[in-house]
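Below is one structure; the comments refer to it alone.
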Amino acid sequence: MKMDKKCNNAANHVIMPAVFRAKARSFHCLSLKGFLMSIQEQIKEVVTTHRVVLFMKGTKQFPQCGFSARAVQILQNAGCNDFVTVNVLENDEVRQGIKEYSNWPTIPQLYVNGEFLGGSDIMMEMFEAGELEEALKA
């Protein structure tokens, strides 16, 4: 997925093509590829293009649920501040699509190097066991 630099307002937040975002107002971000790719293909491209991706409710700066806030805190406490986020509240297709992609019913969802690690409970267990830091270093 090619992302227009004009659209990328922060290196730590993925800006998706207009079809991936619910309320696209600017078409300079829109690529034809966005129309041709399914939600599943777009999700796969995001998780394989970026090293650490957190699908969450809200943003890193303003989480919209306690579990998403906890996931952000866990990553930061593990020393990972360089992760991208995808706000699933911006698009119902993405919100449902990520659940189907991972076959996991809840959000947030953490991906490292293209691999699904789990939600906030699993992240906490991994953090407490020292496994999350290892996964983030890989």
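Any read-out appearing in this document is the output of simple, stated calculations on the displayed coordinates, not a laboratory observation. Every value quoted in this text rests on a predicted model; they were computed, and no experiment measured them. Ideal geometry is used to build each Cβ from the backbone, glycine not excepted, and the neighbour counts take in all protein chains shown.
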Subject >> Residue check for residue 76: free of Cβ contacts under 8 Å to residues at least 24 places away in the same chain and out of contact with any strand residue (DSSP E or B) (no Cβ under 9 Å at 6 or more places or on another chain) >> reply: yes
**OP:** May I ask you to list the residues in the range 61-92 that are surrounded by 16 or more Cβ atoms within 10 Å (Cβ to Cβ), of a type in the set (D, E, K, R) and within 14 Å of the chain's Cα centre (by Cα)?
**Re:** 90
Original post:
Of everything in the range 68-108 that's assigned to a loop (DSSP other than H, G, I, E, B) and of a type in the set (S, T, N, Q), which residue is farthest from residue 58 (Cα to Cα)?
Top reply: 103
Subject >> Members of the range 105-128 that are on the phi > 0 side of the Ramachandran plot and surrounded by 14 or more Cβ atoms within 10 Å (Cβ to Cβ) >> reply: 113, 118
